[in-house]
Amino acid sequence: MKKMICLLLIIFAWNQVSQGEYVNGVNWADRVISHTSKIASFVNGGCSGSGSLPMVSETPATTWLVLGPSDSDQNGNMYAWDWDQGDKDYVAGWRTGSPLHAEQEIIVEFDHGLRDIDANDVVVRMYCGPLAQASVWASTDGAVFTQIGVIEGELNQVPGTGGYFYDATFDFDGKFSEDVHFIRVFREVTVSNSGIFFDSFRSAYTDMPTDRNDVALLGWALAEDVNKDAYVNLADFAIMADQWQACNAPEDAAFDESWFDDPATIPSTCHGVWQAGMGLQADTNHDCKVDILDLADLAQHFLSCNNPTDINCNPTW
């Protein structure tokens, strides 16, 4: 019975995180809904290293690399291949110049739509070869797409140098009367040095909360606020107690796949679990284990709150 309660809690947490992925007010793509067959993901090392896998849209086990926050550049230098400093080439895209790899594309979906503001609206983080060229499209319904720009590599420039990230920004420029939910990138050139690898898709703007519901919705909740109600209290402790000693780290000997709705969707690492929105609700330090370290976090922040309408709370934005 206890395990069933835990499972229901993690499913709730999973849905809360993965359905409309916001982190600190930034809206990140929630899922890859479509892609062509030659797109590969690279989990362990660089695009010439180990870990190359064909993407499968139906499971985040290989699509998490382009979902959620940018994760290939851990030290902030916009370079993905600092493996000795912990940077892994967590990207997916197309690499070869073979004619068999022509007309590749990827489409990502945002559960919470992207608004058309008076500035850039969407950012695609990627790196590419000097001869790369792709068109970028947007849609409100996933059926009718309108081109919003292009991505082009340049010789000895960024974009155009492998491993060096570039944030390609795009403005909807009044083309849409409703929020955009779909971004599509289509390969226009198939020659040597025309590969493109994607790290993330996100809004170009940041949303701020106005009430306690916004705090959770827009990803401003405290890590120790387990139930995401803008308060760290006994309700959060109760959920942590229910999930105590749970482990959903795929690389850990104590890994328990029952925390996942479908074993086929499990990413290969704890990092991937969180990128795919499958983290345990009470795992405050994101190591995929609920243990004394999480309890210490909760104790340290006990009775903290960030409800913007409560004068006794401190905002975290």
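The values are calculated or read from the model by the stated rules, or taken from the named source; none is laboratory data. The model shown is predicted, which means the values in this text are computed figures rather than measured ones. Note: ideal-geometry Cβ built from the backbone for every residue, glycine included; neighbour counts use all protein chains shown. The protein model used for the area step is the full one, side chains on, heavy atoms only, and it has no ligands, DNA or RNA in it. Shrake-Rupley method; radii C 1.70, N 1.55, O 1.52, S 1.80 Å.
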Separation of the L100 and S177 label points, Cα + 7 Å toward Cβ, nm: 4.7
Based on the alpha-carbon gyration tensor of the stretch 163-317 and its eigenvalue square roots a ≥ b ≥ c, which shape applies: rounded if a/c is under 1.5, prolate if not and a/b is larger than b/c, or oblate? oblate
For the stretch 153-168, 3J(HN,Hα) per residue [Karplus equation, 6.51 cos²θ - 1.76 cosθ + 1.60, θ = phi - 60°, Hz, x = Gly/Pro]: x, 9, 4, 6, 10, 10, x, x, 10, x, x, 9, 6, 9, 8, 7
Cα pair distances of the stretch 105-146 binned at 5 Å [whole percent]: 5, 14, 27, 25, 17, 9, 4
If you line up the Cα atoms of the stretch 241-316 on their principal axes, what length do they span on each, largest first, in Å? 46, 23, 19
Provide the per-residue ³J(HN,Hα) series for the stretch 99-104, in order, calculated from phi with Karplus coefficients 6.51, -1.76, 1.60 and θ = phi - 60°, each as a whole number of Hz, with x at glycine and proline positions. x, 5, 9, 6, 6, 7
For the stretch 167-258, the fraction of alpha-carbon pairs in successive 10 Å shells from zero, as %: 11, 22, 25, 25, 14, 3
Mind putting together the pair-distance distribution for the chain? All Cα pairs, 20 Å bins, whole percent per bin, short to long. 32, 56, 12, 0
Residues whose modelled amide H sits under 5 Å from the amide H of A249, counting only those 5 or more places away in sequence or on another chain, are D256
What FRET efficiency comes out for the pair M208/N77, r = Cβ-Cβ distance, R0 = 30 Å, nearest 0.05? 0.60
The stretch 278-317 and the stretch 101-127: distance between their alpha carbon centers, rounded to Å: 31
With runs of 4+ DSSP H residues as the only contributors, calculate the mean residue ellipticity of the chain at 222 nm using -39,500 (n - 2.57) per run, divided by the residue total and rounded to the nearest 500. -4500 deg cm²/dmol
Please list, ordered by chain and number, the residues whose modelled amide H lies under 5 Å from the amide H of V91; skip anything fewer than 5 residues away on the same chain. F42
Starting from the 7 Å offset along Cα-to-Cβ, what nm value, one decimal, do you get for the label separation of F302 and E154? 5.7
Heavy-atom accessible area per residue - the stretch 143-250, 1.4 Å, Å²: 44
Kindly point out which whole DSSP H helices in the chain project their C-alpha atoms 18 angstrom or further along the helix axis while averaging a Kyte-Doolittle hydropathy of -0.5 or above. 2-18
Rounded to a whole %, the carbon-and-sulfur portion of the accessible area of the stretch 170-278 at a 1.4 Å probe is 49
What share of Cα pairs, in percent, lie more than 23 angstrom apart in the stretch 93-219? 36
Taking only pairs that are 8 or more places apart or on different chains, how many Lys pairs in the chain have Cα atoms under 28 angstrom apart? 7
